[in-house]
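Colleague: Dropping a structure here in structure tokens format, bear with me for questions.
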Amino acid sequence: MACNAVARTDVKQHLSLGPHAAPSGYGPSDLQSAYNLPSGGSGQTVAIVDANDDPNAEKDLATYRSQYGLPACTTANGCFKKVDQNGGTSYPTPDSGWAGEISLDVDMVSAACPSCHILLVEANSASMDDLGTAVNRAVSMGAKFVSNSYGGSEDSTDTTSDAQYFNHPGVAITVSSGDSGYGVEYPAASQYVTAVGGTSLQQDSSARGWSETVWGSSAGGEGAGSGCSQYDAKPAWQQDTGCGNRTVADVASVADPATGLAVYDTYQASGWNVYGGTSASSPFIAGVYALAGTPGAGDTPASYPYSHAGALNDVTDGANGSCSPSYLCTAGTGYDGPTGLGTPNGTTAFAP
């Protein structure tokens, strides 16, 4: 598995900011405005599953939250907790790439749901078995919302992984759809998860104040992943007719690094930077699920948006490649592959 974070290299990084300076990239108030998010989420725990250790995760999170006036989220006040995949403190080997991923993930949960608690579960490695064990650990520790910002090629063992790691009724599990344009990654293809695609987000003069297009281009390459799974069965709530198996994605939010997010990371990194990738959209949507309330005990929360499609912003422009049938890679009215049913307009689409 590989992380789905994309860091901008054309933005000057800053360990600290001047008295009247602001970080580049969108911050929490921008995202809360763009997606019409309420306050709330108090008492909910969003788990982040990543590989390797970020030794600076807690202190970097503190800088991000302080910059934007969000309440402190620390081990001491019970808001933040970091564990290894066995639930202990024997953390895996640090890794600068995954540390950037972890910083992006915890910052995006904070932006969506400032009152949520954050549980960071660090897998020993980027193997599906270790990451899957970390997913199970997060659920066993009580998290009802689990974000996974990684993916790899589909293979014939995926349905076994579904049963072992992702079939958790009553838990909203979000997964990044990928950053390489048209094409399907696992575990986004799992029938038990909410596969999260990506958009480019721009402020405009519309009533909403924002507009979105697919992150990607018809030429393919960098962009949100989408398509028809080779191995995973179609869940009952998915009704598109051009793919007999599971179709990716379900919903989306901003992921284009060109319209990216402010992130703070100092582990072998230089502080404030701008990130994108569907690694941004998966933890953000997990935070939106948390704002919407605890899932029903026997539910698969991936089904919720399909019952409330009208409560989403339908993204109708853009593509992430070329394909047939075209809706698997090209936005249009209603469901499409790159953005699914659309992006959050409040929390109605993510509630039981």
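The values are calculated or read from the model by the stated rules, or taken from the named source; none is laboratory data. In this text, all values refer to a predicted model and were calculated from it rather than measured experimentally. Reconstructed Cβ throughout: ideal geometry from the backbone, glycine too, with neighbour counts over all protein chains shown. These area figures cover heavy atoms from the full protein model, side chains too; ligands, DNA and RNA do not enter into them. Shrake-Rupley method; radii C 1.70, N 1.55, O 1.52, S 1.80 Å.
Colleague: For the stretch 266-294, what are the residues that are surrounded by fewer than 24 Cβ atoms within 10 Å (Cβ to Cβ) and not aliphatic (A, V, I, L, M)?
Modeller: Selection gives THR266, TYR267, GLN268, SER270, GLY271, GLY293, THR294.
Colleague: In addition: Taking helices (runs of 4 or more DSSP H) that do not extend beyond the stretch 76-163, which have at least 3 residues that are among the hydrophobic types (A, V, I, L, M, F, W, C) and buried (at least 23 other Cβ atoms within 10 Å of the Cβ)?
Modeller: Per the criteria, 96-112, 128-140.
Colleague: Another question, if that's okay. Kindly indicate whether VAL274 is under 22 Å from ASP105 (Cβ atoms) and among the aliphatic types (A, V, I, L, M).
Modeller: yes
Colleague: So SER226 passes all but one of these: (1) in contact with a Leu (Cβ under 7 Å, 6 or more places away or on another chain); (2) open to solvent by 20 Å² or more (accessible area, probe 1.4 Å); (3) part of a strand (DSSP E or B). Which condition number does it fail?
Modeller: For SER226, the exception is condition (2).
Colleague: Does at least one position in the stretch 2-18 carry a residue that is surrounded by 18 or more Cβ atoms within 10 Å (Cβ to Cβ) and on the phi > 0 side of the Ramachandran plot?
Modeller: no
Colleague: When you go through ALA188, ALA143, ALA134 one by one, which is the residue that is within 14 Å of the chain's Cα centre (by Cα) and touching a residue at least 12 places away in the same chain (Cβ under 8 Å)?
Modeller: From the options ALA188, ALA143, ALA134, the qualifying one is ALA188.
Colleague: Filter the stretch 164-185 for residues that are of a type outside the set (Ser, Thr, Tyr) and either in a loop (DSSP other than H, G, I, E, B) or without any contact (Cβ under 8 Å) to a residue 24 or more places away in the chain (or both); which is surrounded by the fewest Cβ atoms within 10 Å (Cβ to Cβ)?
Modeller: This residue is PRO169.
Colleague: Any residue at all in the stretch 195-213 that is of a type outside the set (Phe, Trp, Tyr), touching a Leu at 6+ places or on another chain (Cβ under 7 Å), at negative phi and touching a residue at least 24 places away in the same chain (Cβ under 8 Å)?
Modeller: The answer is yes, given that some residue of the stretch 195-213 is of a type outside the set (Phe, Trp, Tyr), touching a Leu at 6+ places or on another chain (Cβ under 7 Å), at negative phi and touching a residue at least 24 places away in the same chain (Cβ under 8 Å).
Colleague: Looking at the stretch 338-352, which of the residues that are among the aliphatic types (A, V, I, L, M) and part of a loop (DSSP other than H, G, I, E, B) is surrounded by the fewest Cβ atoms within 10 Å (Cβ to Cβ)?
Modeller: ALA351
Colleague: What is the one condition in (1) of a type in the set (A, V, I, L, M, F, W, C); (2) open to solvent by 50 Å² or more (accessible area, probe 1.4 Å); (3) part of a loop (DSSP other than H, G, I, E, B) that ALA189 does not satisfy?
Modeller: (2)
Colleague: Quick one: would you say GLN202 is closer than 23 Å to TRP237 by Cα, more than 18 Å from the chain's Cα centre (by Cα) and modelled with pLDDT of 95 or more?
Modeller: So GLN202 does not fit the description; no.
Colleague: Residue under question is THR93, and the condition is that it be closer than 30 Å to SER161 by Cα and in contact (Cβ under 8 Å) with a residue 40 or more places away in the chain; does it hold?
Modeller: Considered against the rule, which asks whether it is closer than 30 Å to SER161 by Cα and in contact (Cβ under 8 Å) with a residue 40 or more places away in the chain, THR93 comes out as yes.
Colleague: Sticking with this structure for a sec: Looking at the stretch 19-31 only, could you name the residues that are part of a loop (DSSP other than H, G, I, E, B), within 30 Å of PRO187 (Cα to Cα) and either open to solvent by 30 Å² or more (accessible area, probe 1.4 Å) or of a type in the set (Ser, Thr, Tyr) (or both)?
Modeller: Result: GLY25, single match.
Colleague: Exactly one condition in (1) buried (at least 20 other Cβ atoms within 10 Å of the Cβ); (2) part of a loop (DSSP other than H, G, I, E, B) is not met by ARG65; state its number.
Modeller: All conditions pass for ARG65, except number (2).
Colleague: Let me ask you something else. Looking only at residues that are open to solvent by 20 Å² or more (accessible area, probe 1.4 Å) and of a type in the set (D, E, K, R) in the stretch 310-336, which one is nearest to GLN239 (Cα to Cα)?
Modeller: ASP314
Colleague: For residues that are of a type in the set (S, T, N, Q) and open to solvent by 30 Å² or more (accessible area, probe 1.4 Å), scanning just the stretch 229-240, find the one that is farthest from THR199 (Cα to Cα).
Modeller: GLN230
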